[in-house]
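Worksheet: the structure to be examined is printed underneath.
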Amino acid sequence: MKSAATKERAKNRRLLITLLKLLKLYSAAKTVKLLMIHSVPRYLPHKREMLEFYSQFIKKGDLCFDVGANVGRFTKIFLELGARVVCVEPQEACLQQLYRLFGDNKKVIIVGKALGELEGEGELMMSEEAPTISTMSSKWKNEGRFSKDHKWTKTQKVPITTLDALILSYGLPKFCKIDVEGFEEPVLKGLTKPMPVISFEFTREFFDDAKKCINHLLSIGQVKFNCSLGESMKFLFQKWVTPDELYEKIDQLEDERLWGDIYAKFSVDVKV
């Protein structure tokens with residue numbers, strides 16, 4: 001149950017957003033917020049942890065996919081590790097920031113599309129007060145942990161491509177990070193061949209959907225798994241494990257708000 005203070009902060013945030021919109025300053029405020037994300041010193045300690053963690057997957061010259069790139073936080077990390085990055089992001093405001101940051105960088109390709117099981121067109125539901133939780137999943141929007149405290153007030157028609165199509169266009173990545181707010185299963189179903197390492201986000205309330213993602217990956221190759229809780233940048237297991245071992249461990253964790261990333265490592269020697 002949320003505290004009175006938490007509810008009051010949420011109410012005040014909504015009032016501030018309403019005022020900014022009336023004054024026609026909301027778009028400018030969003031831009032300032034995006035820029036601050038990349039400049040405030042509090043992000044630097046965690047940045048070092050991210051560099052150390054992802055260096056076990058990414059080496060200089062490797063190709064990476066950043067699916068659900070948002071405003072490029074992970075792309076920056078991958079670039080610092082010497083990677084070439086395909087940034088995939090459909091949200092207009094985020095795309096503007098990605099082009100500001102990486103538009104002239106020859107190591108970055110920006111793809112202004114969503115990913116799904118099949119190529120086509122879809123609808124992105126956007127939360128103007130919290131752009132990072134914009135989603136293409138109605139289930140995630142209506143039943144997820146943010147559904148009671150946030151509103152999705154705008155929609156955007158977006159083109160959809162697939163992981164297979166990205167691979168065909170740009171090559172097979174050494175590492176693929178997927179963060180798409182509840183749309184992970186359709187994204188992974190657009191992949192029909194193994195790649196060295198994939199990460200995708202999970203939450204406690206939709207862990208059955210994470211299991212569907214795992215089952216799809218098992219259908220395309222021999223694969224083992226690991227998990228990082230929250231943004232700990234630490235693996236839950238010392239070795240890569242089977243799905244059953246992963247499920248058992250997650251079930252033992254008594255946290256209703258549990259979330260993190262599942263990592264899938266294909267055991268075959270994948271040529272890149």
Subject >> One residue from PHE102, PHE74 being in the same structural domain as PRO173 (by TED's automatic domain parsing), aromatic (Phe, Trp, Tyr), closer than 15 Å to ASP179 by Cα and surrounded by fewer than 24 Cβ atoms within 10 Å (Cβ to Cβ) >> reply: PHE74
**OP:** Keeping to the stretch 226-252, report how many residues are over 17 Å from ASP179 (Cα atoms) and either in contact (Cβ under 8 Å) with a residue 40 or more places away in the chain or not in a strand (DSSP E or B) (or both).
**Re:** 18
**OP:** Working only within the stretch 97-130, note down all residues that are part of a helix (DSSP H, G or I) and in contact (Cβ under 8 Å) with a residue 24 or more places away in the chain.
**Re:** GLN97, LEU98, LEU101, PHE102
**OP:** Please state which of the following conditions LYS224 fails to meet, knowing it meets all the rest: (1) buried (at least 20 other Cβ atoms within 10 Å of the Cβ); (2) within 15 Å of PHE57 (Cα to Cα).
**Re:** (1)
**OP:** Take ALA264 and decide whether it is small (Gly, Ala, Ser) and either within 17 Å of GLU117 (Cβ to Cβ) or modelled with pLDDT under 95 (or both).
**Re:** no
Subject >> Sole exception among (1) surrounded by fewer than 23 Cβ atoms within 10 Å (Cβ to Cβ); (2) more than 15 Å from SER134 (Cα to Cα); (3) of a type in the set (A, V, I, L, M, F, W, C) for ALA93, by number >> reply: (2)
**OP:** Test GLU205 against the stated conditions and say whether it is buried (at least 16 other Cβ atoms within 10 Å of the Cβ) and acidic (Asp, Glu).
**Re:** yes
Original post:
Has the stretch 248-261 got any residue that is in contact with a helix residue (DSSP H, G or I) (Cβ under 8 Å, 6 or more places away or on another chain), assigned by TED's automatic domain parsing to the domain that holds LYS177 and closer than 24 Å to LEU63 by Cβ?
Top reply: no
Original post:
Is it the case that the stretch 129-139 has a residue that's small (Gly, Ala, Ser), within 17 Å of the chain's Cα centre (by Cα) and either more than 19 Å from PHE183 (Cβ to Cβ) or modelled with pLDDT of 95 or more (or both)?
Top reply: no
Original post:
Which residues, taken from the stretch 150-207, are of a type outside the set (A, V, I, L, M), more than 26 Å from GLN56 (Cβ to Cβ) and assigned to a strand (DSSP E or B)?
Top reply: LYS154, THR155, GLN156, LYS157, PRO159, THR161
Original post:
List the pairs whose first member sits in the stretch 201-213 and is basic (Lys, Arg), whose second member is part of a helix (DSSP H, G or I), and whose Cβ atoms are under 7 Å apart, counting only residues at least 6 apart or on separate chains?
Top reply: LYS212/GLU185
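The values are calculated or read from the model by the stated rules, or taken from the named source; none is laboratory data. What you see is a predicted model; the values in this text were computed from it and never measured. Methodologically, a virtual Cβ is constructed for each residue, glycine included, from the backbone with ideal geometry; neighbour enumeration extends over all protein chains shown.
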